[in-house]
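This is the structure I want to talk about, given as C-alpha cells.
The values are calculated or read from the model by the stated rules, or taken from the named source; none is laboratory data. All values derive from a computational prediction rather than experimental measurement. We place every Cβ from the backbone using ideal geometry, glycine too, and count neighbours over all the protein chains shown. We work out accessible area using only protein heavy atoms, side chains counted, and drop any ligands, DNA or RNA first. Shrake-Rupley method; radii C 1.70, N 1.55, O 1.52, S 1.80 Å.
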Amino acid sequence: MKHLAYLTIALALACNSSQKTVIPADGNAGTAQPELTYAQTITEQELKDHLYTYASDEFEGRETGTPGQKKAVAYIKSEYEKMGVPAAKADGDYFQNVPLQTGQAPEGNVSINGTEYPLGESIVTFTPANGSYSELVYVGYGIEQDDYSDYKDLDVTGKIVLFKAGEPMNGNGSYTLSGTDQKSAWSSRSEAISKRFELALNKGAKGVIYWDDTNFGRIQRRFNNLKNINKSKLGLQDNVEPDFISFIVNGDMARRLMSDIATEHAARVLPVSLSFAVENTGNGVQTENVVAIIRGSEKPNEYLIISSHLDHIGVTDEGEINNGADDDGSGTVALLEIAEAFKQAADAGMGPKRSIIFLHVTGEEKGLLGSQYYTDVAPIFPLSQTVANLNIDMIGRIDPKRDGDRNYIYLIGSDKLSSDLHQLSEAINTKYTQLELDYTYNDENDPNRFYFRSDHYNFAKNNIPIIFYFNGTHADYHRPTDTADKINYDLLRNRTQLIFYTAWEVANREQRVVVDKVAK
C-alpha cells in the first residue's frame, strides 16, 4: 500500500528528535505532490516537545486573563517568530487584544407602572439597562422560521419586546414548525434564549423581556451566585450592541406585564410604564488572540482560517493545575506544526495560493469569546473573503465509546453550509490518511450540541463553511488529569496531517469552497 511508503519517510524524518524537521528550501524538495513531502514535517516528536511545554505546570492551566495565559501567548508568539511566520496584523503585532469584562451581577431595580422591583427575585438581568418606556410590544413566542413569524407586520425598532418560552402548536397537537410531535431548536435549552434574543436584535428592538419558567430558576441561581462570589463569568467588554436590554422574568412578573400572557399568542402593543436603572459592577480583563499569516501567492485576498483555542480552565480551588493537554493543547500544537509545514513549502516556492491565517483564540472556555471578538467585533480580514474555517479542539485522545477502535476522528459541521467542503474533506482523507471520519456528533439531534460549543460556530453563524475536528470527551476532560503523558502522539500526528492536507486543498484549488446552504 502506498501509505506505507510515506510512513517510512516519516519514521526516517523523526529519527533526529532534538531538531526541527526541515525540508531543503531549494525548490526541488517536492514531487508532483509536494504536499506529501511537507506533511511529513509534522512528527510525533515535535508535537510532543511542544505539548510537554505548553501543557506543563509552568503555564498554570492557561485560564483567560491570568499570568499562565500570558505565558501561553508568549510561547505561541515566539514559535511563530522562530519559524519566520509573520503576524497577521498590519502593525506587526501578533496579539489581537480582546477586551473582556467580569460578569458580576449588576445592581439596580426595575419600575413597572410605578412599583419598583429589585433584581434577583422575579426579574433578572446580567447587563446594564437604563431608560424609560411607555409601552411594550408583545410578540407571542418571539419566533420567526420559514413561513411562520410572530413579528409579521410589526415594527419593533427601538421598542422593548415581550415574548415567552415555548412554540406554536396546531389544532391536532403537533408542533407548527416541525409539523410533527417533535419540538424545534426554539425549545432547546441551549438555544431557545439566544435565538430569540438575536432575532429581536436583528429586528431593531432596543431590548427584550422573556418569560421562561422552565429556565428562570436556573438563571436566578446563577445571578445570586454572581452576587455572592468573586469568580465571575466573563463577557466581551465592547460587544456588538452594548446597550441592548435583556431581562428574564418568572410567571408572576410576566402576568404583571400582561395578565393573559399564558393563553394569548397574538401580537399586540401593551401600554406599560417601564423604567430601568441597572448598572454593571464588573471589572475589565485583558486577554489576547494570537494571529499569524502566510500570504497567498495567487489569491492573497482570500483567506483560509485554521483555529484552535489557547486557553484552558486554570487552577482548581484546591490548588491543582488543569493542564489541558488535550483541551486544547493538542489543537494548539497541531496548529503550530501545520504552520511550520506551510512555511517550509512557502520557502521552497510552493506556498499556498490563498492566504492562510493561523488563529489561536482566547476565552473559548469562557463562552467562545476570542472567536466571537474576531468575527463579530474586529475581524482582521473581511469575513466575506474568508473561504473556510478548520477548527481544532481536542484531537490527542481516544473516546472511550470507541472501544479501542482508535483510527478515527470525529468531524462536525463539514456539511452544514457546504456540500463542496464535505466532499472535499472525504476525498482528501481517502487519498492521504484513511482515517475513519465519524459523524456521530454531526447529528442535528446530538444532545451534546458540540456544533455550538467550539470556536468554529462563530464562523458558521456568519455563513463561513467550517470543519470541527474532535476526538470526543474522556474521563480527564476538564480535570487536572488531562496531562501530556496521556496523549496518543501517533494519532495526534495522523489527525494533524489530515487537517494539513485538507487545508492544502482548500488553499490551492482553483475555485473557493462553494456555500450552498444557509447558516442555522
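When you go through ALA388, ALA334 one by one, which is the residue that is in a helix (DSSP H, G or I) and either over 19 Å from LYS71 (Cβ atoms) or in contact with a helix residue (DSSP H, G or I) (Cβ under 8 Å, 6 or more places away or on another chain) (or both)? Lay out the reasoning, then the answer.
Details: ALA388 fails: in a helix (DSSP H, G or I).
ALA334 is the lone residue from the list that is in a helix (DSSP H, G or I) and either over 19 Å from LYS71 (Cβ atoms) or in contact with a helix residue (DSSP H, G or I) (Cβ under 8 Å, 6 or more places away or on another chain) (or both).
Okay, moving on. Does the stretch 497-511 contain at least one residue that is in a loop (DSSP other than H, G, I, E, B) and over 28 Å from TYR38 (Cβ atoms)?
Of all residues in the stretch 497-511, those in a loop (DSSP other than H, G, I, E, B) come to 509-511.
Still in the list and also over 28 Å from TYR38 (Cβ atoms): none.
Looking for residues that are in a loop (DSSP other than H, G, I, E, B) and over 28 Å from TYR38 (Cβ atoms), one finds none in the stretch 497-511, hence no.
Could I ask something else about it? State whether the residues of the stretch 474-481 include one that is more than 21 Å from ALA339 (Cα to Cα), surrounded by fewer than 24 Cβ atoms within 10 Å (Cβ to Cβ), touching a residue at least 40 places away in the same chain (Cβ under 8 Å) and in contact with a Leu (Cβ under 8 Å, 6 or more places away or on another chain). It would help to see each step written out before you state the result.
Of all residues in the stretch 474-481, those more than 21 Å from ALA339 (Cα to Cα) come to 474-481.
When the remaining residues are screened for being surrounded by fewer than 24 Cβ atoms within 10 Å (Cβ to Cβ), the result is 474-481.
Then keep just the ones that are touching a residue at least 40 places away in the same chain (Cβ under 8 Å); that gives 474-480.
Narrowing further to those that are in contact with a Leu (Cβ under 8 Å, 6 or more places away or on another chain): none.
Scanning the stretch 474-481, I find no residue that is more than 21 Å from ALA339 (Cα to Cα), surrounded by fewer than 24 Cβ atoms within 10 Å (Cβ to Cβ), touching a residue at least 40 places away in the same chain (Cβ under 8 Å) and in contact with a Leu (Cβ under 8 Å, 6 or more places away or on another chain), so the answer is no.
While we're here: Could you pull out the residue among PHE163, PHE197 that is of a type in the set (Phe, Trp, Tyr) and outside any helix (DSSP H, G or I)?
PHE163
If you don't mind, another one. Please work out which residue is farthest from SER259 (Cα to Cα), limiting yourself to the stretch 128-158 and to residues that are of a type in the set (Ser, Thr, Tyr) and crowded, with 18+ Cβ neighbours inside 10 Å. Steps first, please.
Here is the first cut: in the stretch 128-158, the residues of a type in the set (Ser, Thr, Tyr) are 132-134, 138, 141, 148-149, 151, 157.
Then drop every residue that is not crowded, with 18+ Cβ neighbours inside 10 Å, which leaves 138, 141, 151.
Values: TYR138: 12, TYR141: 16, TYR151: 21 Å.
Only one residue fits best here, namely TYR151.
Restricting attention to the stretch 270-321, which residues are under 30 Å from GLU107 (Cβ atoms), outside any strand (DSSP E or B) and aliphatic (A, V, I, L, M)?
Matches in the stretch 270-321: VAL272, ILE313.
Another one. Just wondering, is there one or more residues in the stretch 129-149 that are of a type in the set (A, V, I, L, M), in a strand (DSSP E or B) and under 32 Å from the mean Cα position of the chain (by Cα)?
Here is the first cut: in the stretch 129-149, the residues of a type in the set (A, V, I, L, M) are 129, 136-137, 139, 143.
Next, only the ones that are in a strand (DSSP E or B) stay: 129, 136-137.
Still in the list and also under 32 Å from the mean Cα position of the chain (by Cα): 129.
Yes; the residues of the stretch 129-149 include at least one that is of a type in the set (A, V, I, L, M), in a strand (DSSP E or B) and under 32 Å from the mean Cα position of the chain (by Cα).
Further question: Within the stretch 243-269, track down each residue that is surrounded by 15 or more Cβ atoms within 10 Å (Cβ to Cβ), in a strand (DSSP E or B) and either on the phi > 0 side of the Ramachandran plot or not polar (S, T, N, Q) (or both). Working first, answer last.
Of all residues in the stretch 243-269, those surrounded by 15 or more Cβ atoms within 10 Å (Cβ to Cβ) come to 244-251, 253-254, 256-258, 261, 265, 267.
Adding the requirement that they be in a strand (DSSP E or B) leaves 245-249.
Within the stretch 243-269, ILE245, PHE247, ILE248, VAL249 meet the criteria.
Identify all residues within the stretch 105-123 that are outside any loop (DSSP other than H, G, I, E, B), in contact (Cβ under 8 Å) with a residue 12 or more places away in the chain and either over 28 Å from LEU226 (Cα atoms) or among the acidic types (Asp, Glu) (or both); write none if there are none.
Initially, the stretch 105-123 is screened for residues outside any loop (DSSP other than H, G, I, E, B), giving 107-112, 115-118, 123.
If we keep only those that are in contact (Cβ under 8 Å) with a residue 12 or more places away in the chain too, we end up with 107-112, 117, 123.
Within the stretch 105-123, GLU107 is the sole residue that qualifies.
Taking ASP347 as the residue in question, decide whether it is open to solvent by 40 Å² or more (accessible area, probe 1.4 Å) and either closer than 18 Å to LEU498 by Cα or modelled with pLDDT of 95 or more (or both). Let's see the steps before the verdict.
Details: open to solvent by 40 Å² or more (accessible area, probe 1.4 Å): yes; either closer than 18 Å to LEU498 by Cα or modelled with pLDDT of 95 or more (or both): yes.
The answer is yes for ASP347.
Further question on the same structure: Return the pairs, sorted by first residue and then second, in which the second residue is open to solvent by 50 Å² or more (accessible area, probe 1.4 Å) and in a loop (DSSP other than H, G, I, E, B), the first residue lies in the stretch 424-453 and is free of Cβ contacts under 8 Å to residues at least 40 places away in the same chain, the beta carbons are less than 7 Å apart, and the residues are 6+ apart or on different chains.
Cβ pairs passing all conditions: GLU436/ASN407; TYR441/ASN448.
Considering only the stretch 390-437, state which residues are within 26 Å of GLN511 (Cα to Cα) and among the hydroxyl-bearing types (Ser, Thr, Tyr).
SER414, SER418, SER419, SER425, THR430, TYR432, THR433
While we're looking at this one, here's another question. Restricting the stretch 67-89 to residues that are crowded, with 17+ Cβ neighbours inside 10 Å and either modelled with pLDDT under 95 or of a type in the set (A, V, I, L, M) (or both), which is nearest to THR316 (Cα to Cα)?
ALA72
Can you tell me which residue is farthest from LEU236 (Cα to Cα) among those in the stretch 282-301 that are open to solvent by less than 10 Å² (accessible area, probe 1.4 Å) and among the polar types (S, T, N, Q)?
ASN289
So which pairs qualify, if the first residue must be in the stretch 484-512 and farther than 15 Å from ILE409 by Cα, the second must be β-branched (Val, Ile, Thr) and open to solvent by 40 Å² or more (accessible area, probe 1.4 Å), the Cβ gap must be under 9 Å, and the two must be at least 6 apart or on different chains?
Partner pairs satisfying both residue conditions: ALA484/THR53.
Assuming GLY413 fulfils every condition listed in (1) open to solvent by less than 40 Å² (accessible area, probe 1.4 Å); (2) over 20 Å from HIS309 (Cβ atoms) apart from one, which condition is it?
(2)
Name, by its number, the condition in (1) buried (at least 20 other Cβ atoms within 10 Å of the Cβ); (2) more than 25 Å from GLU46 (Cβ to Cβ) that does not hold for THR440.
The single condition THR440 does not satisfy is (1).
Another question, if that's okay. Within the bounds of the stretch 492-513, is there any residue that is at pLDDT 95 or above, of a type outside the set (Asp, Glu), within 30 Å of SER355 (Cβ to Cβ) and loosely packed, with under 15 Cβ neighbours inside 10 Å?
Initial filter on the stretch 492-513 (at pLDDT 95 or above): 492-513.
Filter once more, so that each one left must be of a type outside the set (Asp, Glu): 492-504, 506-509, 511-513.
Those still in the list that are within 30 Å of SER355 (Cβ to Cβ) too: 492-504, 506-509, 511-513.
If we keep only those that are loosely packed, with under 15 Cβ neighbours inside 10 Å as well, we get 509, 511.
Yes, the stretch 492-513 contains a residue that is at pLDDT 95 or above, of a type outside the set (Asp, Glu), within 30 Å of SER355 (Cβ to Cβ) and loosely packed, with under 15 Cβ neighbours inside 10 Å.
Next up: What pairs come up if the first residue lies in the stretch 75-104 and is farther than 26 Å from ASP376 by Cα and part of a loop (DSSP other than H, G, I, E, B), the second is charged (D, E, K, R) and open to solvent by 30 Å² or more (accessible area, probe 1.4 Å), and their beta carbons are under 7 Å apart, counting only those six or more places apart or on different chains?
Cβ pairs passing all conditions: GLY84/LYS343.
Any idea which of (1) assigned to a loop (DSSP other than H, G, I, E, B); (2) hydrophobic (A, V, I, L, M, F, W, C); (3) more than 31 Å from the chain's Cα centre (by Cα) is the one PHE126 doesn't satisfy?
So PHE126 meets the others, but not (3).
Take ILE464 and decide whether it is open to solvent by less than 20 Å² (accessible area, probe 1.4 Å) and either without any contact (Cβ under 8 Å) to a residue 12 or more places away in the chain or closer than 25 Å to TRP186 by Cβ (or both).
On the way: open to solvent by less than 20 Å² (accessible area, probe 1.4 Å): yes; either without any contact (Cβ under 8 Å) to a residue 12 or more places away in the chain or closer than 25 Å to TRP186 by Cβ (or both): yes.
Here the answer is yes, as ILE464 does meet what is asked.
Can I ask one more? Does GLY92 satisfy being on the phi > 0 side of the Ramachandran plot, of a type in the set (Gly, Ala, Ser) and modelled with pLDDT of 95 or more?
Values: on the phi > 0 side of the Ramachandran plot: yes; of a type in the set (Gly, Ala, Ser): yes; modelled with pLDDT of 95 or more: yes.
It is true that GLY92 is on the phi > 0 side of the Ramachandran plot, of a type in the set (Gly, Ala, Ser) and modelled with pLDDT of 95 or more.
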